[in-house]
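Q: Right, I'll just put the structure down here and ask away after.
Just so you know, all these numbers are worked out from the coordinates, no wet-lab data involved. Everything numeric here is computed off the predicted structure, so don't read it as measured data. Here the Cβ is made from the backbone with ideal geometry for all residues, glycine too, and neighbour counts use every protein chain on show.
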Amino acid sequence: MRSLGRFVLLLSVVLGAVAWGASSLFNRQARGWAERDLSMRSRLALEGARPALVEAGTNAARRVLEAIVRDERLMAAAVCTGDGAQVVAAGSLPAGVSCHALPGEARRPGPAGWDQSADGPAGAVHLTVLPVTEEAGGPALMLVHDMSFVDRRAETTRRYTFFAFALVGLVGAVAAAVAARLTWISWTVQLRRVLTAPFRAVEAIAAPRHFQPLLGDVRDLVSSLAAEEARAGSSWTPQRLRHVLRRDLGGESVIVVANREPYIHERGDDGQVKVVHPASGLVTALEPVMRACSGTWIAHGSGSADRDTVDGRDHVRVPPGEEAYDIRRVWLSREEEQGYYYGLANEGLWPLCHIAHAPPEFRASDWEQYRRVNSRFASAVAEEAKTPDPIVLVQDYHFALLPRMLRDLLPRATILTFWHIPWPNAERFGICPWEREVLDGLLGSSIVGFHTQAHCNNFLDSVDRYLESRIDRERHSVVVAGRETLVRPYPISIDWPSRWTSRAAPVAECRAEVRRRLGLAPDALLGVGVDRLDYTKGIDKRLLAVERLLERHPDYQGRFSFVQIAAPSRTIIESYRALNEQVEALATRINDRFARGSWRPVVMLRRHHEPAAIFELYRAADLCYVSSLHDGMNLVAKEFVAARDDLRGVLVLSRFTGAARELSEALIVNPYDIEGASTALATALSMPPDEQEERMRSMRVLVGELNVYRWAGKMLRDATRTRRRDRLASRLSSPGALPS
Ligand code: G6P
């Protein structure tokens, strides 16, 4: 608006000057015309009056002069002698005008007469003096015309000219402003098209000539980025991730918000504090990213010795001994934990998002606690932020409301929210009584990420159905209240090479040690399953498949054992307790049915295991069976692949995991199909070593490339583009950029 005002002001000044110049010119011209006109009228009047003036007496001459001055513009007429005496006169001579006052050349005018305009006290007058006879020095007729009408006309002309120019100026200004705005809009649309098109499409965009220099710059930028990428190679490493964070995002660190902390301090029965790595795919994935990026991980301080190990700001440096980043612990009351974590998150949203046939429970009191805890974590992020535009990675279904709350606190923050579990279809999502609040909360993010495109589509469908918004299906984005959120798939993964694999003993040692510890024969065949004790993991179906294998292939009885690590999880929730009992009873039944001497077909290890022990088990196994009924990704499958640097072992993988889309060399099964799953287990146990190698090698290449640094790197790269676009957009729309 300011620039439009300046433009109109400048236009007014220029047009005012032109109007003034034009009206002065016109008035001068008009005055000249009027003088010529009056002079001509004077001559005509003399022609008519000459006989009376020459031949008649003074009285007759006066009558003629009186007749002449009846003309409204003639003020007076007089006959003067050559020496300035007045012979006869009619009308009223203005002050200062008389035969006597005429200059010498006017007293004796030549045949062409004498004319002059003069400004008197009563206005402008025009004098014409004409010889009455041809005789030199004879009488002359002086006619005095009122010229004030010329001034009046000039004034009117000036006014009209001014208004005409003002009107033209106004119309011109409006037209120019509209034209400028349209040009500006079209220019920014083209600019946006170029900046937001995939790099290769930039070439294909037909842009006007004046746009070419900018296009040239964009092309240079693209090729320099491409060259840099080529130099860096295609693989993602912690170094490359750090580089992207610092160079592209100008960030020295990130803030992660996740309910689960990566290191829990627990006080053991002996009173000693020990550090526990929780069983959580989220932690498995995020922890290496935080080591690479450094910063602060804000989480619920849930360990029994957590309060004893923080400083005055509730911070603790981790990993122990390496100290690469901070954990900031948030303390929750029992009511908060019950309502937010056990209630809304794990009895509401968790079953809502997983197709595992557990009905979700939604309680208003849980929702209240959920909102409260989200807001407490949002405040913690604002406290931890060192700049007004921090990079915040919000994790999982515990924090659906936090992105919007954070956006209100830190409008310029780059908020990347990742939903680690599936997103249901729109109809199922509508079961949630607070469906709008959840969607709107998430849309406070700059980017919302899911593991698969299918979950992104479900999310967009849910937004479409329950929220007023603009959805761009091509860009995969949602615009609410003028702010865009990208919705993108980022399949999560693990670090590569895995530090747990590089620290592990050789495979032969692991095989021998695990068999010895479990009391199995040194040549026993071993299957493993590693999960939290959760109904989405299909542990019961897995055990039924083992039972069916033994029924159909009795030769495996006494030779094959399945070890299931089942880490206790969410044990306060009734459905988890029931599952615990159900699985225990099932394992007992199968063991009772097939047990032979010291051999047991199922070994249930229902306690927490540290990663080193889990990796030892992976390396000792002949097969790993992941039987999730529904799983966003499932990182156990990828960990098993990472653990097998000997290229042996077979992965049997549920088709209902995100991982099944990537690891197609696994034996993909439907875990509900017990018959089919038992066939896959038999196929795995009899698979020739070279086929195992071939499958494992190809899966290792894939997991190595699609590692967790790539996951984080892709999100940060998309965030970089979003940041740049936001900055550009705010610069383009800022006052003074162009007429707005
Ligand atoms: C899933 C969730 C994570 C969670 C993990 C362990 O992987 O996506 O957010 O941390 O389960 O569950 P817990 O409730 O023990 O944190």
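Q: State the answer as a single residue: which of V478, S498, T683 lies farthest towards the positive end of the charge dipole of the chain, with beta carbon charges of +1 for Lys and Arg and -1 for Asp and Glu, about the Cα centre.
A: My answer, from the dipole projection, is V478.
Q: On a full-extension model of 0.36 nm per residue, what is the gain between R436 and R721, subtracting their alpha-carbon distance, rounded to one decimal in nm?
A: Details: separation 285, 0.36 × 285 = 102.60 nm, distance 2.79 nm.
My answer for the length gained is 99.8 nm.
Q: So what is the relative contact order of the stretch 507-706, in percent, for Cα pairs below 8 Å that sit 6 or more residues apart?
A: Details: 347 pairs, mean separation 48.3, N = 200.
In percent, rounded to a whole number, it is 24.
Q: To continue, here is another question. What's the magnitude of the charge dipole for the chain around its Cα centre, counting Lys and Arg as +1 and Asp and Glu as -1 at the beta-carbon? Answer in Debye, nearest 20. Could the numbers behind the result be given before it?
A: Working: 94 positive and 89 negative charges, 193 e Å.
For the chain, the charge dipole is close to 920 debye.
Q: Sticking with this structure for a sec: What is the Å³ per residue value for the convex hull set by the Cα atoms of the chain? Let's see the in-between values first.
A: Numbers: hull volume 180.5 nm³, N = 740.
Spelled out: Cα convex hull of the chain, divided by residues, is 244 Å³.
Q: Give me the distance in nm between label points sitting 7 Å out from Cα along the Cα-to-Cβ direction at R473 and D408, one decimal.
A: About 3.4 nm separates the two model spin labels.
Q: Can you compute log10 of I(q)/I(0) for the stretch 594-722 with the Debye formula, treating each Cα as one identical point scatterer, at q = 0.19 Å⁻¹?
A: -1.17
Q: Over the stretch 375-452, consider all pairs of different Cα atoms and compute the Kirkwood hydrodynamic radius from their mean reciprocal separation; express it in Å, one decimal.
A: Numbers: mean 1/r = 0.0779 Å⁻¹.
For the stretch 375-452, inverting the mean 1/r across all distinct Cα pairs yields 12.8 Å.
Q: State whether the stretch 346-479 is rounded, prolate or oblate according to the following rule on the C-alpha gyration tensor (a ≥ b ≥ c being the square roots of its eigenvalues): a/c under 1.5 gives rounded; otherwise a/b larger than b/c gives prolate, and the remaining case gives oblate. Mind showing how you got there, number by number?
A: Details: a/c = 1.89, a/b = 1.25, b/c = 1.51.
Verdict is oblate for the stretch 346-479.
Q: Provide the per-residue ³J(HN,Hα) series for the stretch 711-728, in order, calculated from phi with Karplus coefficients 6.51, -1.76, 1.60 and θ = phi - 60°, each as a whole number of Hz, with x at glycine and proline positions.
A: Coupling constants for the stretch 711-728: 3, 5, x, 5, 5, 5, 5, 5, 5, 4, 5, 4, 4, 4, 5, 4, 4, 4 Hz.
Q: Please rank S654, S235, fewest neighbouring Cβ atoms within 10 Å first, as an exposure proxy. Intermediate results must be reported in sequence, preceding the final value.
A: Numbers: S654 27, S235 12.
Ascending Cβ contact count within 10 Å gives the list S235, S654.
Q: Under a cut-off of 25 Å between alpha-carbon atoms, report the lysines in cross-link reach of K714, not counting same-chain residues fewer than 8 places apart.
A: Those lysines meeting the cut-off are K386, K638.
Q: I would also like to ask the following. Using only the alpha-carbon atoms, what does the stretch 512-565 span along each of its principal axes? Please give whole angstrom values in decreasing order.
A: 33, 28, 10
Q: Trypsin sites (Lys or Arg not before Pro), restricted to the stretch 12-111: which are DSSP loop and have at most 10 other Cβ atoms within 10 Å? Show your work: numbers first, answer last.
A: Details: sites: R28, R31, R36, R41, R43, R62, R63, R70, R73, R107; in loops: R70, R73.
The qualifying sites are R70.
Q: Once label points are set 7 Å from the Cα along Cα→Cβ at both D690 and E47, what is their separation, rounded to one decimal in nm?
A: Inter-label distance under the simple model: 13.0 nm.
Q: Hey, what did the stretch 33-155 get for relative contact order, percent, Cα under 8 Å, at least 6 apart? List each step's numbers first, then the result.
A: On the way: 223 pairs, mean separation 29.9, N = 123.
Relative contact order here is 24 percent.
Q: Can you tell me what share of the DSSP beta bridges in the chain is antiparallel? A percent to the nearest 5 is fine.
A: Numbers: 41 of 87 bridges.
Here the antiparallel bridges make up roughly 45 percent for the chain.
Q: Right, next: Expressed in nm², what is the orientationally averaged projection area of the convex hull enclosing the Cα positions of the stretch 33-155? Please list the in-between numbers first.
A: On the way: hull surface 27.6 nm².
For the stretch 33-155, averaging the hull's shadow over all directions gives 6.9 nm².
Q: Moving to a separate point now. Using a Förster distance of 51 angstrom, determine the FRET efficiency expected from the C-beta separation of A612 and T183, and round it to 0.05. Present the calculation step by step, with values, prior to reporting the outcome.
A: Values: r = 66 Å, r/R0 = 1.29.
The value I calculate is 0.20.
Q: Now for a different question. Tell me, M699, M40, M604 in order of fewest to most beta-carbon neighbours within 10 Å?
A: Numbers: M699 25, M40 11, M604 21.
Ascending number of Cβ neighbours within 10 Å: M40, M604, M699.
Q: For R589 and E427, what does the FRET efficiency come to when R0 = 35 Å and r is the distance between their Cβ atoms, rounded to the nearest 0.05? Before the final figure, lay out each step's value.
A: Details: r = 38 Å, r/R0 = 1.08.
Calculated value: 0.40.
Q: Okay, moving on. May I ask you to derive the relative contact order of the chain, considering only C-alpha pairs under 8 Å and at least 6 residues apart, and to give it as an integer percent? Provide the component values of the computation, followed by the final result.
A: On the way: 1246 pairs, mean separation 75.1, N = 740.
Normalised by residue count, the contact order of the chain is 10 percent.
Q: For A621, what is the net charge nearby, where nearby means another residue's Cβ is under 11 Å from its Cβ and Lys, Arg count +1, Asp, Glu -1? Could you put the intermediate results ahead of the total?
A: Numbers: positive: R511, R515, R619, R644, R648; negative: E616, D622.
Counting the neighbours of A621, the net charge comes to +3.
Q: Would you please classify the overall shape of the stretch 507-706 from the alpha carbon gyration tensor, given that a ≥ b ≥ c denote the square roots of the eigenvalues, rounded means a/c under 1.5, and beyond that prolate means a/b larger than b/c while oblate covers the rest?
A: Values: a/c = 1.36, a/b = 1.12, b/c = 1.22.
Rounded.
Q: Moving on. Spit out the partnerless Cys residues in the chain, using Cβ distances under 4.7 Å as the pairing rule.
A: Lacking a cysteine Cβ partner under 4.7 Å: C293, C353, C432, C456, C510, C624.
Q: Which GluC sites (Glu not before Pro) from the stretch 56-112 combine a DSSP loop assignment with at most 16 other Cβ atoms within 10 Å? Kindly include the intermediate steps, with their values, before the conclusion.
A: Values: sites: E66, E72, E105; in loops: E72.
Those satisfying the criteria are E72.
Q: Could you check what % of the DSSP bridge pairs in the stretch 507-706 are antiparallel, to the nearest 5? Write out the running numbers ahead of the final one.
A: Details: 1 of 23 bridges.
Roughly 5 percent of the DSSP beta bridges within the stretch 507-706 come out antiparallel.
Q: Rounded, prolate or oblate: which one fits the stretch 612-687, using the alpha carbon gyration tensor with axes a ≥ b ≥ c (rounded when a/c is under 1.5, else prolate when a/b beats b/c, else oblate)?
A: Values: a/c = 1.86, a/b = 1.25, b/c = 1.49.
Oblate, because a/c is 1.5 or more while a/b does not exceed b/c.
Q: GluC sites (Glu not before Pro), restricted to the stretch 439-523: which are DSSP loop and have at most 10 other Cβ atoms within 10 Å? Each step should come with its number before you reach the end.
A: Numbers: sites: E468, E474, E484, E509, E513; in loops: E468, E474.
Passing both the DSSP loop test and the Cβ count: E468, E474.
Q: Count the net charge of all other residues whose Cβ sits under 10 Å from the Cβ of V125, scoring Lys and Arg as +1 and Asp and Glu as -1.
A: On the way: positive: none; negative: D119, D146.
Overall, the nearby charge balance is -2.
Q: Under a straight-distance cross-link criterion of Cα-Cα below 13 Å, which aspartates and glutamates are reachable from K537, leaving out those fewer than 8 residues away in the same chain?
A: Cα-Cα hits under 13 Å: D631.
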